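Read the structure below first, then the notes.
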Amino acid sequence: MAPSPCTVRHARREDIPSILQMIRDLADYEHELDAVEATEASLDATIAFAPDNVESTSTAPNTEPITPTRPSRCLLLFNEKDEPAGMALYFYNYSTWRAKAGVYLEDLVVRASERKKGYGKRLLVELAKEVVAMNGGRLDWSVLKWNEPSIKFYESIGANAMNEWVGMRVDGEGLGKLASLLD
Amino acid sequence: MMASEPTIRLARLQDVPTILSLIQAAAVEQMPSARVQATEETLSKTLHFAETPSESDARAGGAEINPPHRFAWPLLIVAPDGTIAGLAIYFYNYSAWRAAPGVCLEDLFVLPEYRRKGYAKLLIEAMAKEAAKVGCVKMEWVCLTDNERALRFYQKIGARVMGDWVVLRVDKDGIDSLQAGN
């Protein structure tokens, strides 16, 4: 099924309010709206945007440089009325065994009113194109185990659940403690 | 004269052969079925080294961080006898909800003959210090669910298990198929 007409390009600074709204939409869907601390200012500082009036796409990216403090990029999807309908917020991971980078999808959002138009798949296809264009090795992301509709959709497009792995995280106070453990 | 403590430093280009042999040793131990495809050449081109352009250089109009082609930082731990005894390779990730960077540990390995000296912990702490310097809000990595020794070690240093989440992956074949719109 081809997606409904849409265009996909990297976000520019003018898109920041839409990005913040969609981050909040996803957090709400995951019952974690309180956890969102992002603001327009902090998104401005940490996403590598395309310059105003520049068309930057997954296969011909033209954004600010990727750096440790600005590690992410954002692809936005606009529907047939040119309204923002979805986004993929992502960064670059690395496989030491392949000495190759890949894409890690941090947030995939399609607005509630824009579902069932093939937009989620279109965004994943764009990311796959970017991985190919950069000679990357893989496309990864995480999903909540209870999110069965999403898991089914992802498996239908060729994703495998890496069930033998579990994610580990240190954040908040734990991170400060760890950094100063040997001081 | 020998140092009495191990030291930790960012790798230099001349360390690449050692890095490759440590990566191969880690693969044999952690996932014997995996085939390491990295070569000295590809590692030299895709890792950040002490001599390669840094973020501040790029901002000063220096070299090529756009498009990105160096993606991860290799920290080495050098034993008092001068041997490179282990490494931690990490990259920067992102928390959308906090609109802030984090770090992700991709590889952690200490040579068997240098274990039980706290070297893994020292490497992780060095990584945490680097992470704190740029305002990272999280440090993450994946662990095999049946690696109880590692899980215990990680929980001791303050990590929590993200048990509600599963990692999904589209590998090379899947990507080729997906990007063709199938």
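The values are calculated or read from the model by the stated rules, or taken from the named source; none is laboratory data. A quick note: this is a predicted structure, and the numbers were derived from the prediction, not measured. With ideal geometry, Cβ positions are generated from the backbone for all residues, glycine too; neighbour counts draw on all protein chains shown. Quick note on the areas: whole protein, heavy atoms, side chains included, nothing else; ligands and nucleic acids left out. Shrake-Rupley method; radii C 1.70, N 1.55, O 1.52, S 1.80 Å.
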- Counting only backbone N atoms under 15 Å from a point 7 Å out along Cα-to-Cβ of B:HIS69, the residues of the stretch A:96-126 in range are A:100-101
- Item | Principal axes of chain A: Cα extent on each, largest first, Å | 56, 37, 37
- Computed from the mean reciprocal separation of all distinct C-alpha pairs, what Kirkwood hydrodynamic radius does chain B have, in Å? 18.2
- Item | Net charge of Cβ neighbours under 15 Å - reference B:PRO112; Lys, Arg +1; Asp, Glu -1 | +2
- Query: In debye, nearest 20: dipole of the stretch A:126-182 around its Cα centre with unit charges on the Cβ of K, R (+) and D, E (-)?
  - Reply: 60
- Item | Accessible area (Å², per residue) of the protein assembly as shown, counting only protein heavy atoms and a probe of 1.4 Å | 46
- State, to one decimal in nm, how far the label point of A:GLU148 lies from the label point of A:THR69, with both points 7 Å from Cα in the Cβ direction. 4.6
- For B:THR83 and B:THR39, FRET efficiency with R0 = 25 Å and r from the beta-carbon atoms, rounded to 0.05? 0.65
- Obtain the nm distance between the two label points defined at A:GLU40 and B:GLU5 by a simple spin-label model: each point lies 7 Å from its Cα along the Cα-to-C-beta direction. 4.8
- Message: Within 10 Å, Cβ to Cβ, of B:LEU10, how many net charges do the neighbouring residues add up to if Lys/Arg are +1 and Asp/Glu are -1?
- Response: -1
- Of B:THR39, B:SER95, B:GLY118, which is farthest along the charge dipole of the stretch B:31-182 in the positive direction, counting Lys and Arg as +1 and Asp and Glu as -1 at C-beta? B:GLY118
- Task: Label the stretch A:1-49 by shape, choosing from rounded, prolate and oblate, from the square roots a ≥ b ≥ c of the eigenvalues of the Cα gyration tensor; if a/c is under 1.5 it is rounded, and otherwise prolate applies when a/b is larger than b/c, oblate when it is not.
- Result: oblate
- Item | Spin-label model distance (nm) - A:GLU55 vs B:SER177, 7 Å beyond Cα toward Cβ | 3.2
- Item | Max mean-square fluctuation residue, GNM over chain B, Cα-Cα springs under 10 Å, options B:GLU125, B:GLU40, B:GLU113 | B:GLU113
- Item | Sequence-distant residues sharing a close amide H with B:GLU106 (under 5 Å, placed H) | B:ILE89, B:TYR90, B:PHE91
- In the protein assembly as shown, carbon and sulfur make up what percent of the accessible area (probe 1.4 Å)? 50
- Message: Per residue of the stretch B:46-53, what does 6.51 cos²θ - 1.76 cosθ + 1.60 with θ = phi - 60° give for ³J(HN,Hα)? Whole Hz please, x for Gly and Pro, Karplus curve as stated.
- Response: 10, 9, 8, 10, 4, 8, 8, x
- Task: Sort A:LYS117, B:LYS138, A:LYS145 by accessible area with a 1.4 Å probe, largest first.
- Result: A:LYS145, A:LYS117, B:LYS138
- Fluctuation leader among B:LEU22, B:LEU151, B:LEU75 - chain B, Gaussian network, Cα springs under 10 angstrom: B:LEU151
- Expressed in angstrom and rounded, the centroid-to-centroid distance over alpha carbons for the stretch A:141-183 and the stretch B:95-158 is 14
- Which pairs, out of A:LYS121/A:LYS152; A:LYS145/B:LYS138; A:LYS100/B:LYS45; A:LYS152/B:LYS138; A:LYS117/A:LYS145, put more than 18 Å between their alpha-carbon atoms? A:LYS145/B:LYS138; A:LYS152/B:LYS138; A:LYS117/A:LYS145
- Message: Within 12 Å, Cβ to Cβ, of A:LEU26, how many net charges do the neighbouring residues add up to if Lys/Arg are +1 and Asp/Glu are -1?
- Response: -4
- Heavy-atom accessible area of B:MET31, protein chains in place, probe 1.4 angstrom, given in Å² to nearest 10, is 60
- Note on the structure: Dividing the helical contributions, -39500 (n - 2.57) per DSSP H run of n ≥ 4, by the residues of chain A yields a 222 nm value, nearest 500 deg cm²/dmol, of -8500 deg cm²/dmol
- Task: Would you mind telling me which residue in A:THR59, A:THR96, A:THR39 has the biggest mean-square fluctuation in a Gaussian network model of chain A, where springs connect alpha carbons within a distance under 10 angstrom?
- Result: A:THR96
- Accessible area lost on pairing A with B, both sides, 1.4 Å probe, Å² to nearest 100? 7300
- Cα centroids of the stretch B:35-51 and the stretch A:35-79: how far apart, whole angstrom? 27
- Would you kindly find the accessible area of A:GLU64, with a 1.4 Å probe and non-protein molecules such as ligands, DNA and RNA excluded, rounding to the nearest 10 Å²? 50
- Message: How large is the convex hull of the C-alpha atoms of the protein assembly as shown per residue, in Å³?
- Response: 142
